[in-house]
Amino acid sequence: MDMFDIVITGGTIATASDTFCCDVGIRGGKIAMLGDGLAAYANEVIDATGKYVLPGGIDSHVHIAQPSGEGIVMADGFESGTLSALFGGNTTIMPFCLQERGRGLRQTLAEYHALAEGSCYTDVSFHLIVCDPSPDVLGQDLPALVHDGYTSLKVFMTYENLRLNDAQLLATFDVARDLGATVMVHCENEDAIRFLIEKHEAASLLRPSSHATTRPVAAEREATHRAVSLAEIVDIPVVIVHVSNGAAIDEITRARQRGSTVTAETCPQYLVLTAADLDGMDWEGAKFVCSPPPRDTADQQACWQGLRDGTFDLFSSDHCPYKYDSVDGKLNPKGARHFRHIPNGIPGVETRMPILFSEGVRKGRIDINRFVALTSTNHARSYGLYPRKGTIAIGADADIAIWDPELDVTIRHDDLHDGADYSPYEGLEVQGWPVTVLLRGKVMVRDRIMVAKKGDGQYVRR
Ligand code: URP
Ligand code: ZN
Ligand code: ZN
């Protein structure tokens, strides 16, 4: 038998459907064999006794190096963003290429590629964000880019500079359906939010907590209903991203019962944070400002139920990092006085999987196979990376995270690798953490120590 570059022995392998014990033989960056007694043919053996051997995480909702408004700078470029992802057990992330109004998609995409080139520690594949669906964009840019493998795009129903109106949503859905592209929708009703912001301003309610009260469940529920209805009219499958509450989940369930193909995603912030976190002293609530905002404990339970019963297919971080104590971050001169100017988004690419593993698998809410499906396999399936990525099978990329299920970790930003200056999960105690991570057969992190170099991560064409 030809030698393997690496054989992982002694671990418990889990995929989205099976759990089994055997050796994993890796050759040429691929999983070459699953079986017993492979160590005799190994150039290098990694002992995973007592550990889980899982497909590397795929985080399909990550914001990196996005322009964020005047004077505001996102805390992660591709180097720190992918490094943080890697230490959290991810081997692929899917950031967005944000089209600014008036600009073409192609040119913008070239800029993101230039930023990522040579900087990444994980593999990367881009989604597009369409916020100016002009005839040129829908008629030329989008078809050409989908043809080139950029087969997913996000549209917003909120944010003044990004939102599409219903006519634009329908036109974009229509083109995406013809192209076979996947559309991700951010569902919040912008007019309702603006109405509430004006009310809060009139009452001088300007603290971070007003971010949550101006973006109520009803604004998300209504937009979710509208998004799935418009998708039904055009007959296109959609992904409803970062779902935060039970009422929006009900809209998704009803759409599915009507026969629509709706994929749904939720995130850690909707499991372990609540709107009360935005109420912190000294403007600390700004650390939790994201959209949709965290809700209440009943909505947390609804999200757990959705993760268990299959309503949710995807568990992503929506990593969107800004520094807290910085003039170009949350506490920018305007943001330090008015919630409307606090940049939306929180960091979380490194903590996404440990939180779900600990709160979900270790606490018995989901099993290990569901964990793998929610954090890796379903992302690969939904966005065209499967079976190259997202599973442990012969011929797949050897993207593997070896987890110590007993490791107790208290989340501290000082121990994380992103470019922000805080974690919204500071102090959360979790059990289980990825200790060794391989990317296409190369050991990147060994026993929680970096052994790879910048640039080992590559762009993945879909
Ligand atoms: O607050 C958030 N989620 N910011 C990131 C942008 C988005 O809507 O996903
Ligand atoms: Zn969004
Ligand atoms: Zn997002």
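The values are calculated or read from the model by the stated rules, or taken from the named source; none is laboratory data. A quick note: this is a predicted structure, and the numbers were derived from the prediction, not measured. Counting neighbours? That spans all protein chains shown, and the Cβs are built from the backbone with ideal geometry, glycine included. The accessibility values were calculated without ligands, DNA or RNA, using every heavy atom of the protein model including side chains. Shrake-Rupley method; radii C 1.70, N 1.55, O 1.52, S 1.80 Å.
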Selection from region 106-165 of residues that are assigned to a helix (DSSP H, G or I), surrounded by fewer than 22 Cβ atoms within 10 Å (Cβ to Cβ) and of a type in the set (Gly, Ala, Ser) | Ala110, Ala114, Gly139, Ala144
Between residues in region 150-166 that are at negative phi and residues that are open to solvent by 40 Å² or more (accessible area, probe 1.4 Å) and within 13 Å of ligand 1 (Cβ to nearest atom), which pairs lie under 8 Å by C-beta distance while being six or more apart or on different chains?
-> Phe156/Arg163; Met157/Arg163
Report yes if some residue within region 343-352 is farther than 21 Å from Ser68 by Cα and more than 16 Å from ligand 2 (Cβ to nearest atom); otherwise report no.
-> yes
Assess whether Lys453 counts as being modelled with pLDDT under 95, more than 16 Å from Gly57 (Cβ to Cβ) and open to solvent by 20 Å² or more (accessible area, probe 1.4 Å).
-> yes
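Here is a yes/no grid of residues against (1) assigned by TED's automatic domain parsing to the domain that holds Cys320; (2) of a type outside the set (Gly, Ala, Ser); (3) within 16 Å of ligand 1 (Cβ to nearest atom):
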{"residue": "Gly29", "(1), (2), (3)": "no, no, no"}
{"residue": "Tyr41", "(1), (2), (3)": "no, yes, no"}
{"residue": "Ala65", "(1), (2), (3)": "yes, no, yes"}
{"residue": "Val73", "(1), (2), (3)": "yes, yes, yes"}
{"residue": "Ser80", "(1), (2), (3)": "yes, no, no"}
{"residue": "Leu83", "(1), (2), (3)": "yes, yes, no"}
{"residue": "Pro95", "(1), (2), (3)": "yes, yes, yes"}
{"residue": "Leu98", "(1), (2), (3)": "yes, yes, yes"}
{"residue": "Arg103", "(1), (2), (3)": "yes, yes, no"}
Of the residues in region 294-350, those that are within 16 Å of ligand 3 (Cβ to nearest atom), among the hydrophobic types (A, V, I, L, M, F, W, C) and in a loop (DSSP other than H, G, I, E, B) number 4
Selection within region 195-212 - away from ligand 1 (no atom under 16 Å from the Cβ) and not small (Gly, Ala, Ser) = Phe195, Leu196, Glu198, Lys199, His200, Glu201, Leu205, Leu206, Arg207
Taking the stated definitions as given, is Ile355 in the same structural domain as Tyr324 (by TED's automatic domain parsing) and touching a strand residue (DSSP E or B) at 6+ places or on another chain (Cβ under 8 Å)?
-> yes
If you scan region 236-253, which residues turn out to be within 16 Å of ligand 3 (Cβ to nearest atom) and of a type in the set (S, T, N, Q)?
-> Ser244
